[in-house]
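Following: one structure in structure tokens, then a few remarks.
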Amino acid sequence: MAIPDTAAVPEPFPIFKLAHRFLLYDTTTITYIRAKYNIAGVLIGGLPQAPQQNVFLGVPLELMPEEARLLCEKGVAYVVDDAKAHKQGFMGRGLGDEERRAFQASLRKQGLAAAGQAEKKTEDRKKAALKKKVESDDWNDIPEDMLRPTSRASNKRKGKGAKSKEEEETPVETNGESDGKVTADRSQQDDEDLLFAPATNGVPLNPTLSRAASNTSIAGGGPEPFAVTPTTSYPPLAATPPPSTFSSTELPDVPPSYPLYKHMHAKDYFLAPGLRFGCQYMAYPGDPLRFHSHFLCNGMDWDQEFDLLDLVGGGRLGTGVKKGFLIGGEVKGGSGDQDVGATSAGEGGGGNVRTFCIEWGGM
Amino acid sequence: MADADEHVIPRSGPLPEDIDLSEETQDFRFLAAISNEDAKIPKRGEKDFEPHATALQSNTLAASRQAMHNALSFQRVHQPKGYTTATYHPESNMAYAYNPKGPLFARMGQVLPGKDDPLGDDELRGNRLWLLPEEVLYLVERGTLDVRWPADDEDEDDRGLPMSVQGAYAMFIGDEESHNHALTFERYSVYSGLKRMGYTVQRAPSWDTPGPPSGSECYPPLPQRTWQPGLFNIGHWWKTWFAGIPGDLAKEHSSDQLVQPGLYRSYADIYRRLALIDYYDPMARHLPSEAETPSTDAGFRVTYHIWKPGSQTFKKSAPGIPDFRIAVVDGRATSVPTLEQLGALMDTVPYAPPKEDGQLYQKVRHGYKNVILAIVDQGVVSYLRIGDAGFGREKLYERKVRGFGGKRGGGRGGGGRGGRGRGR
């Protein structure tokens, strides 16, 4: 089976809390909780490889308070005050010299790898572009940079001219994409760099160009390491789980609909926030990557009174979008009603939740 | 029983142009398609109804998950070319960069005057571009900017450690609480969402204060001005002015009858005499004699000014009139605004009347002032356009009947669903 070999994440893992939100930054953890705990969360960050769109988003992943609470209750996660941790670590000399050096060394290594890759790629691309140029026999199109060594001053002077060049370069690029190879390249680069991409040559850059590069350069030639912006701060920071993961004071606050959330989750549903359909949760029968949602869920107290109109409205909306409108709540007192299968199988935590599904008759 | 509005319920699925792909989790395997201009992401319907434990299904799911994992694992690397670096400034919770390069900086950041610059008025001030928290965060996330923690004597190259994306979130949103608490997750969601769509976004003056008093641009122009251009316009103005005010007709109402005998054929006159009830006229508002600080509720203030993508007139030094004004509202902590809250908000936006010769329904929908509310819940944004409609000004009985087909435009009454909201 092709279940992705998700690297196991050591548990308990940290959930980062800031401004009353619960976030995850580590890709492995994000994939892991999706596969193991049926928790998808909501991606709220931008994707650097495709920065001008809103369809696909990236890290961080925001967890609903319910999701964070559930993970904490299972004892597989704990909450870390991220703003405080960063202040201590990076501004209050909380990091030891050893850790700082290790962090910088690892960044340099990553940057070096990236530089090596980029160099290879530009080589390939230059060849492809040159080939095209020869074919089209139009030597005027060759970027100036290709013919003369770059220097900081010339870069600056060219500012305007190079920009108008961008437009001319673009068609060449799109042609290049047709062979499929460049698509991957594009994802490797910032789009503004891409516009200049054919011009980047493999010659080691003038040391004055980038102070960071020159300062961190290593002896022995080879490409200069690129600067890298890491996604997470752990490492160099290290989070330590609190001594007792079950101290209830540490648990995230959840809305009153939490029992319903927990119940549905225990039944293997993926739950997502429901604003778009005007409900509390949307319930998916499997990973939302693959499945449409089945239910629009609203949690209620057992004895809560509500308007009949809510039933009609929810039922109509649910039916209109081909989903069921589901309400549910925890049975207060007594532990009857076992027969409806309301008690969750594992964990024994679902309580006595009963759910009801409403459909608009539309007779 | 057939409901009148039954046609509202989609029978054969929504129209293609109505589908907002960002509304549902999309398959990450199509991410490559998005960077490749000619390829299209399939419009929904590619998903399955429920798990049925086949190898095909679990393989597809595994492939999607793997694609997502790969996409998320993207490393932000800065090429030496166009490499831009900035330094975090903890006291102001901003970051500064010296002479940053790249087209993005034409629309972001600010060189601060000497007295406002947190680092003081030194010789480098003119080259120092200050970036607001949301701007830094957006650029870091985009992989455009390399932000460093403040340097420290023991750092080997007098440059601080690089700030991670996580660090940027922790400081620029998490630590805002200990500064002035102005940038929230809601505001950042709206900012980054609009930036990703290509809009130019700037903080409005009412970002964290009530803002300046509303000036004359927030009120209808005084009537004298309309006299200027000559006779033709006077006639036009005359007509619109008196159509709105029953004026001397009111005298005739002194008798017992609203409609005097003898007036039988002119429906317009009859209706005009029947119009007894006052209505709200957005054109009849006047600039208060002394400037007042807006009485807006902190939950409902214009947060951002927005310029359309590719706006040619925008310059950082003189941004010009924004195309839209957006008030960001926290969907979890706020209830529906009261009339007072909405009215106070409406007072702070400029007067933007509909076209004089527009169609009646379009004029009502456009309103005489407008503002966009961005309701945010867990990173999900819905945009609502609120217009200050002048129903009373549009006289149905003066409408020219255009024979067949004239009814068309009026299909969607009730002010319409203004801006194309994302929630449906």
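Roughly what would the spin-label model give for B:H286 and B:R332, points 7 Å off Cα along C-beta, in nm?
4.8 nm
Sorted by average packing, counted as other Cβ atoms within 10 angstrom per residue and highest first, what order do B:96-109, B:62-75 take?
B:62-75, B:96-109
Any idea what Rg and Dmax come out to for the stretch A:1-94 if you just take the C-alpha atoms, in Å?
14.5, 49
Accessible area per residue of the stretch A:1-94 at 1.4 Å probe, in Å²?
The answer is 33 Å² per residue.
Let me know the mean shielding of A:86-92 by other chains, meaning the per-residue number of their Cβ atoms within 10 Å of its Cβ.
Partner-chain Cβ atoms within 10 Å, mean over residues of A:86-92: 6.
Any chance you could look up the accessible area of A:F295 with a 1.4 Å probe, heavy atoms only, rounded to 10 Å²?
Around 40 Å² of this residue is reachable by solvent.
Once you average over the residues of A:279-291, how many Cβ atoms of partner chains fall within 10 Å of each Cβ?
Average neighbour count from other chains, rounded to a whole number: 5.
Please give the average number of partner chain Cβ atoms lying within 10 Å of the Cβ of each residue in B:170-179, rounded to a whole number.
6
Percent of accessible area on the stretch A:50-112 owned by carbon and sulfur, 1.4 Å probe?
Carbon and sulfur together cover 52 percent of it.
Report the antiparallel proportion of the DSSP beta bridges in the stretch A:1-94 as a percent, rounded to a multiple of 5.
65 percent
Measuring from label point to label point, each 7 Å out along Cα→Cβ, what is the A:D124 to B:M197 span in nm?
3.6 nm
Nearest 0.05, what FRET efficiency do B:A318 and A:L308 give at R0 = 60 Å with Cβ-Cβ as r?
Given R0 = 60 Å and the Cβ-Cβ separation, E is 0.60.
Residues of the stretch B:68-96 with accessible area at least 30 Å² lower in the all-protein-chain context than alone (1.4 Å probe)?
B:M68, B:H69, B:L72, B:F74, B:Q75, B:R76, B:V77, B:H78, B:Q79, B:P80, B:K81, B:Y83
Rounded to the nearest 100 Å², what is the sum over both chains of accessible area buried where A meets B, with a probe of 1.4 Å?
So the total buried area for this chain pair works out to about 9900 Å².
Provide the packing ranking of B:335-344, A:28-37, A:77-86, i.e. peptides ordered by the mean count of other C-beta atoms within 10 Å per residue, highest first.
Highest to lowest by the protection proxy: A:77-86, A:28-37, B:335-344.
Which FRET efficiency value, to the nearest 0.05, do you get for A:Y37 and B:N99 by plugging their Cβ-Cβ distance into 1/(1 + (r/R0)^6) with R0 = 51 Å?
After rounding to 0.05, the efficiency reads 0.60.
Give, as a single signed number, the net charge of other residues whose beta carbon lies under 10 Å from the beta carbon of A:H294, with Lys and Arg counted +1 and Asp and Glu -1.
Residues near A:H294 contribute +1 overall.
What is the percent carbon and sulfur in the accessible area of the stretch B:64-156, measuring with a 1.4 Å probe over the protein chains and ignoring ligands?
Answer for the stretch B:64-156: carbon and sulfur cover 48 percent of the accessible area.
Not counting ligands, DNA or RNA, and with a 1.4 Å probe, what is A:K132's accessible surface area in Å² rounded to the nearest 10?
Roughly 80 Å² of A:K132 is accessible to a 1.4 Å probe.
The values are calculated or read from the model by the stated rules, or taken from the named source; none is laboratory data. The shown structure was predicted, so the numbers you read here are calculated from the model rather than taken from an experiment. Every residue, glycine among them, receives a Cβ derived from its backbone with ideal geometry; neighbour counts consider all protein chains shown. Heavy atoms of the whole protein, side chains included, go into the accessibility calculation; ligands, DNA and RNA do not. Shrake-Rupley method; radii C 1.70, N 1.55, O 1.52, S 1.80 Å.
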